[in-house]
Each structure stands twice: as structure tokens, then as C-alpha cells.
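*Asks:* So that we are looking at the same thing, I have put the structure below in C-alpha cells.
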Amino acid sequence: MTLKELKQKCIDDNVPIVRDETLKFIVNLINTNNYQSLLELGSAYGYSSYSFKQQTNLKKITTIELNENNYLVAETILKNLNIDVISANAFDFVPSQKYDVIFFDACKSHQDILFDKYQHYLNANGTIIIDNMFLRKFDHQTKLTKNQIKLKKKVNSFREWLLNLRDWKTIIYDIEDGFAVCSKK
């Protein structure tokens, strides 16, 4: 399956994918810094990992996915691309190595817990990238559910928490749905 076909499959199946401008930014960041390894939390169908494989010189890509159906689709698509696809819960998974880039595209409600955990698996001079910092998908809805309101508040609190971490330099990019780029000071 080509990357273009995978993108269309994600759209047809209503599976979220990284947005185009966000993807371009991440690819540029990886290439500019000559990063060699990436861990992705939240594969979905594997569109991001496939894109990174095609557009960067990453030598090691590992992606984890909790949803069994998404994992099976991603594994089928990515298995011949030398991308490690792992069925796991990000809260339970223990990486066997450190990475240059850790890309959060999974659970939106407890990202502070994931950040605290995965920062220890980041190489020196590495970068943590966190997608969906604004949850704009809710902006066009006239009435939000209690859970949506709660999630939006959690993401807003997390954004403030990130910006106040003393040992980290965090930049929030207001591009598409927003993303954070975090590196150790």
C-alpha cells in the first residue's frame, strides 16, 4: 500500500492522522537535527510512521498502539518497511532503548504521566513532540459533552504545565491542531 493509499484509507475509515503542516514540521525537525531513532505513542494505522520512514533518514522507528484493530492494520502495512509495530498500552510499555524523538499522538487525558515516564527514554539532545495541544476538533461544535469539556480542560492544564517545566524548553506551535516541541535545557 502506498502512503497516499494509506492516507485515503484513514480518511475513509475515520481514523485520525497527523495533519499535513504538522507532519512537514516534524519531518524538517528530524532531518535538520539528523535524528536516527523515533518512538511514536499511538500508531493508529501507521500513517505517521510510514511518512517518517519515507521522508527522513531515521534508522529506527518504533510505534505502539493500544487498539487491537488499529494495531493489526498498522502491522500489516508497516511490517515490510522495517518499522517495529508493538501492541501495547503506552502507560505499561517499557522501551528497550532510548530515542532521539518521542512523538506523542495517543492518550490526550494523561499526557503529564506519559511525559514523566517517557522523558527517561529520550537521548541527550533529543526532542519530545506532542500533537493536538489545542483540540480544535471541538471548536466547531456548538455543545460539548461533559467529557469533551473535561478533556479540553485537561489539555489546557497540560499545556500550561509543560510551559512551566524548569528543566525543559517547550515551544507550542499554533499550527493546525497545535503541537509542542520539548527539549532539555
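*Asks:* Using a basic spin-label model with each label point 7 Å from the Cα along Cα→Cβ, how many nm lie between residue 165 and residue 3?
*Replies:* 2.8
*Asks:* List, in order, the whole-Hz ³J(HN,Hα) value for each residue of region 15-25 obtained from phi through the Karplus relation with A = 6.51, B = -1.76, C = 1.60 and θ = phi - 60°; use x for Gly and Pro.
*Replies:* 9, x, 10, 4, 6, 4, 5, 5, 4, 4, 4
*Asks:* I would also like to ask the following. Taking only the Cα atoms of the chain, how large is their convex hull per residue, in Å³?
*Replies:* 118
*Asks:* Run the numbers on region 31-179 and let me know its relative contact order in percent, using alpha-carbon pairs under 8 Å that are six or more apart.
*Replies:* The value is 21 percent.
*Asks:* Here is the link list: 53/117; 108/169; 53/98; 79/146. Which ones come out longer than 29 Å on Cα distance?
*Replies:* Over 29 Å apart, Cα to Cα: 79/146.
*Asks:* Calculate the spin-label point distance for residue 21 paired with residue 150, positioning each point 7 Å from the Cα along the beta-carbon direction, and give it in nanometres.
*Replies:* Each label point is offset 7 Å from its Cα along the Cβ direction, giving 3.2 nm.
*Asks:* Mind checking which of 175, 113, 83 has the largest fluctuation in a GNM of the chain, springs on alpha carbons under 10 Å?
*Replies:* 113
*Asks:* Quick one: Karplus J couplings for region 112-120, per residue in order, coefficients 6.51, -1.76, 1.60, θ = phi - 60°, nearest Hz, x for Gly and Pro?
*Replies:* 5, 5, 5, 4, 4, 6, 7, 4, 6
*Asks:* Another question, if that's okay. Label-point separation (nm) for residue 36 and residue 69, each offset 7 Å from Cα along Cα-to-Cβ?
*Replies:* 4.0
*Asks:* Something else: Run through region 50-140 and list the chymotrypsin sites (Phe, Trp or Tyr not before Pro) located in a DSSP loop whose Cβ has at most 13 other Cβ atoms within 10 Å.
*Replies:* When the chymotrypsin sites (Phe, Trp or Tyr not before Pro) of region 50-140 are filtered for loop state and at most 13 Cβ neighbours within 10 Å, 91 remain.
*Asks:* I need to check one value: relative contact order of region 52-107, counting alpha carbon pairs closer than 8 Å and at least 6 residues apart, in percent.
*Replies:* Over region 52-107, the number comes to 34 percent.
Every read-out reported here was derived from the displayed coordinates using simple, explicitly stated rules and does not represent laboratory data. From a predicted model like this one, the values you see are computed outputs, not experimental measurements. Every residue, glycine among them, receives a Cβ derived from its backbone with ideal geometry; neighbour counts consider all protein chains shown.
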